[in-house]
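The block underneath contains the structure these notes are about, expressed in structure tokens.
Any read-out appearing in this document is the output of simple, stated calculations on the displayed coordinates, not a laboratory observation. Everything numeric in this text was worked out from a predicted model, so none of it was measured. Methodologically, a virtual Cβ is constructed for each residue, glycine included, from the backbone with ideal geometry; neighbour enumeration extends over all protein chains shown.
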């Protein structure tokens, strides 16, 4: 069905034409501009190695250039004289144009390679993304071939082809701006090519989308054959054409029917965030009573966060694991459904929306309600599948397995447990019961503390010897603990000055266990940028149109994503931990960090300060000074060797204790400042992960971050090195490769010209 000479002819007509090289240049440059500049790849805090937007740009550019390629390889008058069947001509065109789009894609392969220098690229996503691009290209070619058979005018063909392809690409956007019901929304989504391409761009091969592209391509190829044969005077629905007609009808039916019961998803992402784990499958397969899963979703959320589509698809996969599990998608915009959610304690979330250059905030719902044997549990808000499996299993364990998880929370500094609301709310929302303890009550309740329940300790400076002894005894008798403490206290409500906790009764316990804090503060280039209201220009800024000043604060370390903190976290005024054989380091500062010693006594007597801590006056970078030392520090550890008591003559051969040298790790006010008034949830996520580690819930711990790939530009922390690599990327992607494309085009043009002159009579 393919003629080699026809393929060679079409390839030659494109490769010797400047159109091909112009189209290649447009594809490459437009994609690179979108990814590197419009998406602000090089801007701190915006750059991401997630290539989703990179791949989603290609279909729209293809809509502009594929009609040109198809037209360049078409010559209707000449083709009518060919001694070949119509189907052979069409299939040859398909192959030749397919080869052309592959050639045009080759330069784009350099982009993931460069991006991988800055961070970790998911090459499973790369494979699926390019696979989807190829499938989209075949479909676009088949449509253009059909239009070429129907439209004789070349300018009209180009215009109509581009318009049709762009309209089809954008069909899924129509429900976002028109108040369409679910029926029409599904129609628009299923007809949109980009909607079906979306799964490929994320690293998924969905059989529904794969078949959609292949079957629809086949349909348009057959239709092209129809009209090509019609030009030759042959009638429809006779002989082979009749069989092809039936085939077209069957293909269209199969392409658009709801095959959700038989479809498969192949997750090629590195972290398998769209796959159901064996842990989940075992839990769901054990269900013998009806489980009802209800997904309450606001319609407007689809336009703002298209990833919620994946949430529903994932829930369907879970529901298909057991016939006793049912799934309902519920419109959360209806008043009666909002009332149900309100009774369950689910409140709407405010999402920023920009329409017609106007920013507004809308209230949306995206909640999952699970019902089992008269009991209910809720995921209050979910936007993607990144943490969905973890959130579901926490609740499945509680409802189905009747497995309750709990923690104790104890504050040993000047702050009460009420000032650690964020961590309490997160734990409760994750199905973990949080029991705040008053340190004054420890002498009366210590016999009631259960060793299987982890103890969270924030600060130890105010513990009495008796309270320290009780905590030590709890740990030595098999209790598990996360201890976030420091040898320094901070006047948070004042000038942020530091004072040493010389009367801390628990730090000597930690030292006996092998955890020793150095008399230093860790500073890091990777730090939190704090916003302050500026009154320099406007003395009334506090009351009228405040202006903000942003200050990098190196004593608030923004830990780069690492093994034990995949999302990173924030540490406040922490001291380095001395390395020794009793501990296993868990967290580290960056390679660009440094430590600062306490002022010596002579200086201290003059300044009455241990360190310079003001965000405005603290040294922002490392300098050559006797007090400064360039070094990478341990800022989190796990005790692994047997421990004995300072107050109690007991030995714990297998302790489960994690120590973080930052006592304000989970304090509400600091989380809000560090997170820009939204809370730094990285810290709460880390604490949750630590609890699962202490309780040996390793499957769940892996799930917590299993769907969250580190897409930050973490590999390059040095500012100078980052600037050098940025320059390298710009030179290659915007100078060298475009120049190379132009050079090849000019070279082939010159060779062709010389060959024509040679044979010119």
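Here are the numbers for this structure:
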item: Three-way shape call for segment 184-226 based on the alpha-carbon gyration tensor, with the a/c threshold at 1.5; result: oblate
item: Kirkwood hydrodynamic radius (C-alpha pairs) into Stokes-Einstein, segment 434-537, 37 °C and 0.692 mPa s, D in µm²/s; result: 202 µm²/s
item: Rg followed by Dmax, in Å, when the chain is reduced to its Cα trace; result: 31.8, 110
item: Sorted peptide list for 220-232, 454-466, criterion being average Cβ within 10 angstrom, highest first; result: 454-466, 220-232
item: Global geometry of segment 271-379, whether rounded, prolate or oblate, following the gyration tensor of its Cα atoms and the 1.5 cut on a/c; result: oblate
item: Counting DSSP beta bridges with both ends in the chain, the antiparallel % (nearest 5); result: 65 percent
item: Rough spin-label spacing in nm, given labels placed 7 Å along Cα→Cβ, for residue 347 and residue 578; result: 4.8 nm
item: Pair residue 312, residue 337: separation of 7 Å Cα→Cβ label points (nm); result: 0.9 nm
item: Degrees separating the helix 182-191 axis from the principal Cα axis of the chain, which is the longest one; result: 60 degrees
item: Extended-chain gain in nm, criterion 0.36 nm per residue less alpha-carbon gap, residue 232 and residue 563; result: 112.4 nm
item: Contact order relative to length of segment 271-379, as percent, for alpha carbon pairs under 8 angstrom and 6 or more apart; result: 33 percent
item: Between helix 4-15 and the chain: long-axis angle, C-alpha atoms, 0 to 90°, nearest 10; result: 60 degrees
item: Förster-model FRET efficiency, 25 Å R0, residue 747 and residue 110, C-beta, rounded to 0.05; result: 0.75
item: Binned Cα-Cα distances of segment 406-706, short to long, each 10 Å bin given as a whole percent; result: 6, 27, 35, 22, 7, 2, 0
item: Prolate/oblate/rounded label for segment 1-151 (Cα gyration tensor, a/c 1.5); result: prolate
item: Paramagnetic reach from residue 153 (point 7 Å along Cα→Cβ, amide N under 11 Å) across segment 195-229; result: none
item: Residue 440 paired with residue 98, simple spin-label distance in nm, labels 7 Å along Cα-to-beta-carbon; result: 7.9 nm
item: Difference of contour (0.36 nm per residue) and Cα-Cα distance, residue 625 to residue 324; result: 101.5 nm
item: Two-decimal log10 I(q)/I(0) for segment 360-412, as the Debye equation yields it once each C-alpha is a single scatterer, q = 0.23 Å⁻¹; result: -0.92
item: Pairwise FRET efficiency - residue 361 versus residue 282, Cβ, R0 = 35 Å, nearest 0.05; result: 0.25
item: Mean residue ellipticity (222 nm) of the chain, computed from DSSP H runs ≥ 4 via -39,500 (n - 2.57), nearest 500; result: -14000 deg cm²/dmol
item: Mean Cβ count within 10 Å, highest first, over the residues of peptides 578-591, 386-399; result: 386-399, 578-591
item: On Cα atoms only, tilt of 123-150 relative to the major axis of the chain in degrees; result: 30 degrees
item: Exposure proxy order (Cβ contacts within 10 Å, fewest to most) of 574, 434; result: 434, 574
item: Theoretical gain in end-to-end length, residue 447 to residue 715 [0.36 nm per residue, Cα-Cα removed]; result: 91.6 nm
item: Highest-first arrangement of 684-692, 123-131, where packing means the average Cβ count within 10 Å; result: 684-692, 123-131
